[in-house]
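Structure record follows, encoded as structure tokens.
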Amino acid sequence: MILGGGRGTRLYPLTKFRSKPAVPIGGKYRLIDIPLSNCINSGIDQIYVLTQFNSASLHNHLQTFRFDYLHGGYVEVLAAQQTTQGEQWYQGTADAVRQNFDYIQQRGIEHVLILSGDQLYRMNYKKMLHTHVQSGADVTISAVPVRREEASALGIMQLDDTGRVVGFCEKPKTDEELSHVRTEPSWIDDRGIHSQGRDFLASMGIYLFKKHVLLDALEKSEYKDFGKEVFPAAIKTHKVQVHLFDGYWEDIGTIRAFFDANLAMTKETPPFSLWHPDWTTFTAPRFLPPTRMDGAMIRESLIADGCTVGEGAVIENSIIGLRCLIGKGVKIRNSIVMGADYYETSEEVAEQQRRGIPPMGIGEYTEIEHAIIDKDCHIGKRVRIVNRSGIVDGEEKPYGMIRDGVVCVQKQAEIPDGWTLE
């Protein structure tokens, strides 16, 4: 069960018109594609996605994930709705699962994997299931080793020598709290993971339950959140085992985290690559032409399908999304341009021009730096979208807003010729 219903307020304005898992990443994917791809590559083909806020675009995207009828797998959306059992929206991650008990109680289900829809990582869940079964655990939680300076922003677990979780501290700050949940680096090393100065184990928010344990935990409580309530309570009453993970993992919780994680993909050896010979990242199939470039200079960038890049354009350390039309002499540096959901027809372009609105795309000689340009934007000629004043967080304006020092131009924004960010 993939939890995809959060408001994503810290990712606003990217979540102004869509849910958090539907936010585009890497030029042609969405955040939800990551846990879905992990499931499919791990051989898990009975997948439910629980949705709630601004979910229309997410639902449309998920319709493309179809297994053949003979195989029997499925990706099914479970949207918050009024039923005979209840009339409330999901009150939290645990409540979302509680309201969908009927799907868990189907015959043949022994274990339930609970995932977040907004994390960036690559994991084989078969290995987690192996840890779960071999240890005889009621609940298994995935954990990543982190350093002391990172621990205070995460949920940290205390283990016994067998890897059983015996304590948990959310965002430990004091030396006393940190020492209480510290794990000896030698214990991590003995399990095939090089600790490299990491002596704390952080919860990744990935839970594997025996079905009856999950049902019992939610039926006998009013807990609303897995991380803050269900998991800490389970430690006291059930055998909770840790599954160690040692790879890239990023919780895309803020504009800065989203911005940095995306641009890191443009590097020659990125910490997380969307390309892997044995691990396909699946997404909606699109039938787009190859990208055309004419005398452009491109360095350390990802260019998606269906784009046109004009003569003399300069693109550096940036991601260019699907169907992006970039005019002559445009300069884009350290930015994410999400592209467009469709191509405008000549009639639509003429109508836009009649109303004084630039065509969709980025007009000639425009300069964009340290920015996120959301989908379907109309940006005119000789526009400057550069945060020269160094604003960290600004008020929302008609074009969007500045958050975490990043200029965020909201979806479908219309910016006239010659406009300059002030």
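Observations on the model:
- In this structure, the pairs whose alpha-carbon distance is over 28 Å, taken from LYS20/LYS171; LYS16/LYS211; LYS126/LYS211; LYS28/LYS224; LYS211/LYS236, are LYS16/LYS211; LYS28/LYS224.
- For peptides 231-238, 89-96, 269-276, sequence by mean Cβ density within 10 Å, most packed first: 89-96, 231-238, 269-276
- The chain, helix-only ellipticity at 222 nm - DSSP H runs n ≥ 4, -39,500 (n - 2.57), divided by all residues, nearest 500: -5500 deg cm²/dmol
- Cα shape, region 336-379, gyration tensor, a/c 1.5 rule: oblate
- Using the Karplus relation 6.51 cos²θ - 1.76 cosθ + 1.60 with θ = phi - 60°, the per-residue 3J(HN,Hα) values for region 50-64 come to 8, 10, 8, 8, 6, 9, 4, 5, 5, 4, 4, 5, 5, 4, 7 Hz, with x marking Gly and Pro.
- Relative contact order (%) - region 292-415, alpha-carbon pairs under 8 angstrom, separation at least six: 18
- Bridge type composition, the chain - antiparallel percent by DSSP, nearest 5: 40
- Note: relative contact order over the chain, using C-alpha pairs below 8 Å and six or more positions apart, is 14 percent.
- At q = 0.10 Å⁻¹ the log10 of I(q)/I(0) for region 301-400 amounts to -0.26, computed by Debye summation with a single uniform scatterer per C-alpha, solvent ignored.
- Options (1) 23.1, 72; (2) 26.7, 89; (3) 20.0, 58 - which one matches Rg and Dmax of the Cα atoms in Å as calculated here: (1)
- Within-14-Å neighbourhood charge of ARG292 [Cβ basis; K, R +1; D, E -1]: -1
- For the listed peptides 106-118, 320-332, 23-35, a ranking on the average number of other beta carbons within 10 Å per residue, highest first, reads 23-35, 320-332, 106-118.
- About the Cα centre, charge dipole magnitude for the chain (Lys/Arg +1, Asp/Glu -1 at Cβ), debye: 300
- Listed residue (ILE368, PRO289, GLN134) projecting farthest to the positive dipole end of the chain, Cβ model: PRO289
- DSSP beta bridge pairing in region 292-415, given as percent antiparallel to the nearest 5: 15
- Under the span-like rule (Cα at least 18 Å along the axis, Kyte-Doolittle mean at least 0.5), DSSP H helices of the chain: none
- Under Karplus coefficients 6.51, -1.76 and 1.60, residue-wise ³J(HN,Hα) of region 355-362 in Hz, glycine/proline x: 8, x, 9, x, x, 5, x, 10
Each reported figure results from applying straightforward, stated rules to the coordinates on display, with no laboratory input. Everything numeric in this text was worked out from a predicted model, so none of it was measured. Glycine gets a Cβ as well: all are built from the backbone with ideal geometry, and neighbour counts include every protein chain shown.
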